[in-house]
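The values are calculated or read from the model by the stated rules, or taken from the named source; none is laboratory data. Here the structure is a predicted model, which means the values were calculated and not measured. Because the Cβ atoms are built from the backbone with ideal geometry, glycine has one as well, and the counts that use them run over all protein chains shown. Keep in mind that these areas ignore ligands, DNA and RNA; they rest on the heavy atoms of the full protein, side chains included. Shrake-Rupley method; radii C 1.70, N 1.55, O 1.52, S 1.80 Å.
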Amino acid sequence: MYSKDYSSRKNIIIGVFILIALTFIIRLFYLQIIDSSYKLSADNIVLRKVREYPPRGLIYDRNGKLLVFNEAAYDLLVIPRQMKNIDTSLICELTGIDKPTFIKKIKKAKRYSYYKPSTFIKQISKKDIGSIQEKLYQIKGLYIQTRTLRQYPLPIAGHLLGSIGEVNNRDLEKDNFYKSGDYIGKSGIENYYEKYLRGKSGMSIVEVDVHNRVKGSYSNGSFDTIAIAGQDIYLGIDAQLQLYGEQLMQNKKGSIVAIDPQSGEILALVSSPGYNPNLLVGRERSPNYSKLLNDTLVPLMNRATMGTYPPGSTFKMVNALVGLQEKAIGKNSEFSCKGQLSKPIKCTHDHETPLALSGAIEQSCNPYFWNTFKNILENPKYDNSHTGYSNWYKNVVSFGFGKKFKTDIPFEVSGNIPNNDYFDKVYRGHWNALTVRSLSIGQGEILVTPIQLANLSVIIANKGYYYSPHLLVQMEGEKEDIMPEFKEKHITTIEPDNFDIVRDAMLDVFEADHGTARWFVLDSIKQCGKTGTVQNPHGEDHSIFIAFAPMDNPKIALSVIVENSGFGSTWAAPIASLMIEKYISGKSQRTALEKRIMEGDLIHNSKNE
Amino acid sequence: MRNREKISGNIDWVSVTIYISLIVIGWLSIFTASAGEDVTNLFDISTRYGKQLMWIGLATVLAIVIMIIDAKFFSTFSYVFYIGLMLILIGVLFFGSTVAGSKSWFKIGGFAIQPAEFAKFATALAMAKYLSTLNVDMRKLKTKVISIGILVAPALLILLQNDTGSALVYFSFILVLFREGFSGLILIAGIIMAILFIVTLLFSELYVIAALVLITFILIFIVKSLRRNWKPIFGILVLSSAFVFSVNYAFENVLEPHQKKRINVLLGIEQDLRGAGYNVNQSKIAIGSGGLTGKGFRKGVLTRYNFVPEQSTDFIFCTIGEEWGFIGVTVLIILYLILLIRLVILAERQRSKFSRIYGYGVASILFFHFTINIGMTIGLAPVVGIPLPFLSYGGSSLWAFTVLLFIFLKQDANRLNVL
């Protein structure tokens, strides 16, 4: 045979087969077992984490009337890494933005993260989202996320309800509950009860296909967490009363604070000028917010808790009560008044003389309270007037003046009751009752907030005690009181008996022939009140009124301040009286008065503007 | 009746068992890759798994028919098959339809047939027939030219159809020729050419040639016996240098841009995860994510949700890698390895030279497909679209591989009847 036997070459060929097979097995061992990056890449490709936003808790008033609810809105999210070969003009057309804006938004998203979704366009309405949804499959890297916006059935109580907005970097650092783009209560109740209202967001992991279509849940949803809705909250606010108060205060600067004396629950908290809370929702929030911020009338400031005023004549009752308690005066103590000629403080009211305490309160006689104040400080019980003063101070702060209530109303300020140290510093230790005489009639260094004034009314109504004024009544789903401090009874230094004469005098303010609020007396409700007129160096005096009713079983106690409106009886007293009537009877019979007040414009017609 | 019993008795059940196993694994993978959530009818021929089931049925019929036909039929009509298929390949160039850039399909009704798949067994038959002719002497140049001609004809025709992958398959016959006595240099030369090709693409030609010269001088300096035979050594050096120069030219002018890109990506010259590298990257992620034991049947999310392109045809290996993990792919590779080795053993036990050469042809073709297909899914070979035998979706390839294998199994069953 010429042919050689090459059959041994089969071994070489089999060797080649085995070599290749081994190469593959080694390579696969590396790919599948040693290198775990492929597993991670696979998860990144297939799994998409979808955050499930819980509906935020609703807010109701004391009668179960809805104050705040949620409405669906849609956010368009972007994952920059996935945006490849996209049709920019289609996106611009769908979302109604122009190309430079588009580029800006993408840049911003990239700065945040290439891999994590960030908000591309916020709060698109239900109507607009439809057309976007149809075309979305053509655009890789864009997703729709359902969100909820706050809506307010009544355009009231913006200050106390507050608003929500997107979290900022500080929020993100402070609490890892939040992710970029989340909403957080920025102010008011939304901020104070954020932890209850926000609920708990859920996370579902879904599998998507190569076209980014959701194919199903990952692992049958065993890693998913369900979004838990926020807790609903019930406030002490009476929506109708709040609305009425805001209507009465329109075109006026000032505030109304109405409190249920038996619980400390705030029934109405009006700060005027205010704003419609619906303005601070969604995409309009930012432009509207800056507009409000730049308004010279500072509508964003809650005057009821942040405004500080000298209490004026309303403070005379405090001095009367301290005087009685300290036995510096008696119920029947009389002091004479020389009217405009009185020294060291003149009297602005024209009345008979001498007056006893009751008449002095009713007539708001300045000299009477100067004498009272002087007697308190120069009380023979104490060595000197400084000790007398510090005793006066101790009594006064027991009314809640000069400090914050530590309540759920944000942005509260403490006001000011000067203490001994302050005067020692200012007068270098040389001062006496005469030096600080302005305090006797609620002027001078004393500053109080409207809510503190309303609380004074509460204390007189309750004959000596109060609960911290607060908004919360009940948090849904909480068995325990979440704010036990609201149930804590604060008792003043004044014994209950001492209140009777002051209360009678306050009744006379409405019901006596010379009462400063006699025009607003009601047959059906026994109202008690006290006017105040606060001298305002910058313009016309502020009109102040505090009141409570009905006298024997007080249901409402309030303070009304109308800035630059002159005497307390012109504006503040009728507003207080209308509020009382509205709350107790449900509606006001005095339509002419109501009309005059609502139409009164003290802002645009004011001489001082 | 008697005859048929004998056939079933002599048939090599090892190969048949592996064949059936591979087809079952293939169908399950096609099912997982193409079925939606709810499957009501496995025979629904609007789906890929339904169609494949039908084609498996037809393949079974083909296998049985081949086992019934007289064994001599194939050796007798080898050239007829070969010439017939060459004519069909020419016909495709004129009357064929284009699918995925390759004009290599005949469309009959709703079905398409790819003649290039069948050209493989015809070429194997023709090669076996030619080399088994009594007066063929492997050492003669004429023999070499003719046998290479038998390979080049179908390869060229298929290249003209723009189906590079299927054309490259004919390189696998190097193994057959090697076994039949072609110089071992042919294998070594092939390997050296492959290395030079890659090295030239990675580095500049001048560096490569400088390195070649250096290596040559070092060899001559160290190995004394080479000094006397310096002429052929320098010949090789000159030829290699010429090859190196031609590589860049061929690369730039012969290959299509997408092929160049695939090769560049494979060699790491280009990073292109969105284009040519996308398939391979997705494929590696799918396989890699399978881990040791895999995600389980119908749990391979990447392949099921279409993240890997062509996952029921050329990238079917991914589905197995993802769903059955390292254990699954190892089993599959070992099954192939056993089949390939078994075919070589069967080939060696043939009394007839024709059967032996054909057997090696079968083993070589399967080996080439196995190597390139799996190699490309794990990033070791360029992405040339050729199917994984018996597993990939597609009637033409399944039938062609079935015919290829069973003709040999028929020869083997009949081997004792050959004198």
Quiz item: Quick one: is A:Tyr114 more than 9 Å from chain B (Cβ to nearest Cβ), open to solvent by 40 Å² or more (accessible area, probe 1.4 Å) and touching a residue at least 60 places away in the same chain (Cβ under 8 Å)?
Solution: no
Self-check item: Test: B:Ile113 is in contact (Cβ under 8 Å) with a residue 12 or more places away in the chain, open to solvent by 50 Å² or more (accessible area, probe 1.4 Å), more than 14 Å from chain A (Cβ to nearest Cβ) and farther than 22 Å from B:Ser364 by Cα
Solution: yes
Quiz prompt | All positions within the stretch A:303-328 that are in a loop (DSSP other than H, G, I, E, B) and open to solvent by 10 Å² or more (accessible area, probe 1.4 Å) | solution = A:Thr308, A:Pro310, A:Glu326, A:Lys327, A:Ala328
Exercise. Test each condition in (1) modelled with pLDDT of 75 or more; (2) assigned to a helix (DSSP H, G or I); (3) more than 25 Å from A:Asp43 (Cβ to Cβ) for B:Thr313 and report the one that comes out false.
Key: (2)
Quiz item: Quick one: is A:Ile91 within 30 Å of A:Leu267 (Cα to Cα) and either within 14 Å of another protein chain (Cβ to nearest Cβ) or open to solvent by less than 30 Å² (accessible area, probe 1.4 Å) (or both)?
Solution: no
Quiz prompt | Residues that are open to solvent by 20 Å² or more (accessible area, probe 1.4 Å), more than 12 Å from A:Lys463 (Cβ to Cβ) and assigned to a helix (DSSP H, G or I), drawn from the stretch A:485-503 | solution = A:Glu485, A:Lys487
Practice problem: Have a look at B:Ile233, B:Ile188, B:Ile198, B:Ile218 and point out the one that is within 30 Å of B:Gly101 (Cα to Cα) and either open to solvent by 40 Å² or more (accessible area, probe 1.4 Å) or modelled with pLDDT of 75 or more (or both). | Solution: B:Ile198
Exercise. Return yes or no: is B:Gln311 within 19 Å of the chain's Cα centre (by Cα) and open to solvent by less than 30 Å² (accessible area, probe 1.4 Å)?
Key: yes
Quiz item: From the set of residues in the stretch A:1-27 that are over 30 Å from B:Leu332 (Cβ atoms) and not small (Gly, Ala, Ser), which is surrounded by the fewest Cβ atoms within 10 Å (Cβ to Cβ)?
Solution: A:Met1
Self-check item: Residue in the stretch A:511-534 that is farther than 30 Å from A:Ile59 by Cβ, open to solvent by 10 Å² or more (accessible area, probe 1.4 Å), modelled with pLDDT under 80 and part of a helix (DSSP H, G or I) present
Solution: yes
Exercise. Only one of these is within 20 Å of B:Met127 (Cβ to Cβ), within 14 Å of another protein chain (Cβ to nearest Cβ) and in contact (Cβ under 8 Å) with a residue 24 or more places away in the chain: B:Ala381, B:Ala363, B:Ala400. Name it.
Key: B:Ala363
Quiz item: Does the stretch B:283-303 hold any residues that are more than 8 Å from every other protein chain (Cβ to nearest Cβ) and not in a loop (DSSP other than H, G, I, E, B), and which are they?
Solution: B:Ser283, B:Thr303
Quiz item: Does the stretch B:249-264 contain any residue that is of a type in the set (S, T, N, Q), surrounded by 13 or more Cβ atoms within 10 Å (Cβ to Cβ) and modelled with pLDDT of 75 or more?
Solution: no
Quiz prompt | Output for the stretch A:410-459, where each listed residue is over 21 Å from A:Trp370 (Cα atoms) and part of a loop (DSSP other than H, G, I, E, B) | solution = A:Pro410, A:Phe411, A:Glu412, A:Val413, A:Ser414, A:Gly415, A:Arg428, A:Gly429, A:Thr449
Quiz item: Taking the stretch A:28-51 as the search range and keeping residues that are surrounded by fewer than 18 Cβ atoms within 10 Å (Cβ to Cβ) and within 7 Å of chain B (Cβ to nearest Cβ), which one is farthest from B:Ser364 (Cα to Cα)?
Solution: A:Lys39
Quiz prompt | Test set (1) touching a residue at least 24 places away in the same chain (Cβ under 8 Å); (2) open to solvent by 10 Å² or more (accessible area, probe 1.4 Å); (3) basic (Lys, Arg) - A:Lys195 fails condition number | solution = (1)
Exercise. Show the residue pairs that are 6+ apart or on different chains and have beta-carbon atoms under 7 Å apart, the first residue being within the stretch A:150-161 and at pLDDT 80 or above and open to solvent by less than 40 Å² (accessible area, probe 1.4 Å), the second being part of a helix (DSSP H, G or I) and among the β-branched types (Val, Ile, Thr).
Key: A:Leu160/A:Ile189; A:Leu161/A:Ile189
